[in-house]
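Notes follow once the structure below has been shown.
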Amino acid sequence: MIALTRPVPPSIAECELTHLERQPIDFAIASRQHDEYENVLRSLGCKVIQLAGLPQHPDSVFIEDTAIVLNECAIVTRPGAESRRGEVTGVAEALKPHRRLYHIDAPGTLDGGDVLRVGRRIYVGLSTRSNADGARQLADVVARHGYTVDRVPMRECLHLKTAVSTLPDETLLLNPRWVAPASFHGSPHIAVHPEESEGANALVVGMAVVIPSSARRTREVLEAAGYATVSVDGSELAKAEGGLTCCCVLVGESEK
Ligand code: CIR
């Protein structure tokens with residue numbers, strides 16, 4: 001498994017914010033936590049490839065939003081925030097050797113953080129970032145590979161994956177205040193602890209579930225249910241509205 005990442009840019013404090021008040025972000029702490037995150041990925045067997053930093057793009061560390069990688073192809077997005085559109089080029093180049101590439105074109109917008117895969121079903125959040133045309137373009141591409149696309153209402157959070165993650169056995173881990181469990185065609189779900197909304201954004205690497213260290217009680221629930229968990233501190237980048245999935249693009253064995 002390859003994990004594409006990007007370093008935290010020194011301009012991170014000028015990031016886009018939608019639901020959070022702006023507060024100071026310590027670049028050194030954010031970078032240290034990001035190094036630790038990359039080490040966790042390595043410990044789980046990933047080959048981490050850190051792409052060149054993009055100092056002119058304050059949100060470029062959140063590489064997840066720039067691409068969706070499936071076994072059969074990859075879709076390079078057109079991020080909803082204009083300040084982020086320049087982030088996609090380097091990612092497309094990095095993905096080219098591994099997957100057939102498709103692109104979301106104007107007027108479509110799509111953020112990778114809004115795209116959740118559960119088996120052959122793909123859900124796209126009705127967020128402020130991803131529009132109907134972006135979801136339609138995605139649906140056209142993935143239909144060729146046997147996936148369906150549904151749009152999912154959500155509230156009070158930036159991206160669909162801020163509110164819900166797919167666990168290794170395709171059970172969902174979700175925050176029912178932000179997204180309705182009924183939106184997912186009867187998939188079983190586990191709710192995060194009510195005081196740990198950040199726990200809903202969990203990164204799955206193989207059979208391991210990587211969860212923010214602040215979501216201690218949610219982690220206990222997952223462990224009790226038999227999942228293998230690892231925790232990592234993402235508190236500084238959380239001030240930029242980024243979670244754990246946002247900081248990498250995972251590229252599994254290719255079927256190209
Ligand atoms: C943004 O607003 O675009 C960034 N500050 C945070 C992006 C987080 N990405 C994600 O949830 N996939």
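Selection of segment 120-136 for residues being free of Cβ contacts under 8 Å to residues at least 60 places away in the same chain, open to solvent by less than 30 Å² (accessible area, probe 1.4 Å) and not in a loop (DSSP other than H, G, I, E, B) yields Ile122, Val124, Gly125, Gly134, Ala135. Scan segment 205-227 and tell me whether some residue there is of a type outside the set (S, T, N, Q) and under 24 Å from Pro24 (Cβ atoms). Yes.
Being closer than 22 Å to Ala224 by Cα, open to solvent by 40 Å² or more (accessible area, probe 1.4 Å) and assigned to a loop (DSSP other than H, G, I, E, B) is the filter here; which residues of segment 178-194 pass it? Listed by number, the residues that qualify are Pro188, His193, Pro194. Is it fair to say Ser214 is at pLDDT 95 or above and either in contact with a Lys or Arg (Cβ under 6 Å, 6 or more places away or on another chain) or open to solvent by 50 Å² or more (accessible area, probe 1.4 Å) (or both)? The answer is yes for Ser214. How about segment 8-59: which of its residues are of a type in the set (Lys, Arg) and either surrounded by 15 or more Cβ atoms within 10 Å (Cβ to Cβ) or within 16 Å of the ligand (Cβ to nearest atom) (or both)? Within segment 8-59, just Arg22 meets the criteria. Residues being buried (at least 22 other Cβ atoms within 10 Å of the Cβ) and part of a loop (DSSP other than H, G, I, E, B): count how many of those fall in segment 71-98. Selection size over segment 71-98: 3. Taking the stated definitions as given, is Gly90 more than 16 Å from the ligand (Cβ to nearest atom) and at positive phi? Criteria not met by Gly90. Restricted to segment 146-177, and to residues there that are away from the ligand (no atom under 14 Å from the Cβ) and open to solvent by less than 20 Å² (accessible area, probe 1.4 Å), the residue that is farthest from Ile211 (Cα to Cα) is Tyr147.
The values are calculated or read from the model by the stated rules, or taken from the named source; none is laboratory data. All of these numbers come straight from a predicted model, not from anything done at the bench. As a convention, Cβ positions derive from the backbone with ideal geometry for all residues, glycine included, and neighbour counts pool all protein chains shown. Please note that ligands, DNA and RNA were not included when accessible areas were found on the heavy atoms of the full protein model with its side chains. Shrake-Rupley method; radii C 1.70, N 1.55, O 1.52, S 1.80 Å.
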